Amino acid sequence: MRRRSFTVCETGCAYDSIPAAVAGAASGDTITVAPGNYAFTTTMTIDKPLTLLGPNSGVSPVSGTRGAEAVIDGTGVTTMDGHAFHIASGTTDVTIDGFAFKGSGIVASAVTEDITIQHNAFTEVAHDSLAAIQTYEGLTSATGWDILDTSSIPVCGEATPASSSRRSEM
């Protein structure tokens, strides 16, 4: 299977929204998101292996010099406890790298494996039941989780990923 790459930007690209790019992508594709403000009013579900790269992919929000951000503005999200991104049960091989989340975060359901969340900044995470990265629905058998070099964030869940390499500057 040939892996494809898509670019998301506010105007002039194949996609102008991240959910549309995710819906159009096949397993193993890479979605690169240009700087801009991407407002979410509902949770986007990721249910296949994907790589999502923001403009600051590979750049630490703690110690690096970041350029213009792709802001995932989830301040209006009311689904999935206010999370903008949802990694569906049974999904493997997802990377989310180099974004700035505002007022929302990432939630993972049940069994998910080989998830990498790195080089992301989280701000204004204030919802009563919202952590920036949250697991629930009995997540007890996740393996290969990496939460790396991410801004100071709350992480919570019903269970800590079992074989997690949960490394971060939290």
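We did not get these values from a lab; they are worked out from the coordinates using the rules stated. Note that the coordinates shown come from a computational prediction; the quantities given were computed from them, not determined experimentally. Cβ placement follows ideal geometry from the backbone for every residue including glycine, while neighbour counts extend to all protein chains displayed.
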Practice item. Please tell me the relative contact order of the range 1-112 in percent, rounded to the nearest whole number, where contacts are Cα pairs under 8 Å and at least six residues apart. Key: 24
**Study point:** Difference of contour (0.36 nm per residue) and Cα-Cα distance, Glu124 to Ser27
**Key:** 31.7 nm
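Rounded to the nearest 0.05, what FRET efficiency is calculated for Ala34 and Arg3 with R0 set to 30 Å and r the Cβ-Cβ distance? Intermediate results must be reported in sequence, preceding the final value.
Numbers: r = 20 Å, r/R0 = 0.66.
For Ala34 and Arg3, the calculated efficiency is 0.90.
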Point to revise | Highest average packing first - 12-24, 84-96, 65-77, Cβ atoms within 10 Å | key: 84-96, 65-77, 12-24
Exercise for review: Taking the dipole about the Cα centre of the range 1-87, with the C-beta of Lys and Arg at +1 and of Asp and Glu at -1, give me whichever of His83, Val22, Gly36 is farthest to the positive side.
Suggested key: Val22
Exercise for review: Work out how far the C-alpha atoms of the range 28-103 reach from end to end along every principal axis, then list the three figures in whole Å, largest first.
Suggested key: 34, 29, 20
Practice item. Can you give me the three principal axis dimensions of the range 1-133 from its C-alpha atoms, in Å, biggest first? Key: 43, 35, 28
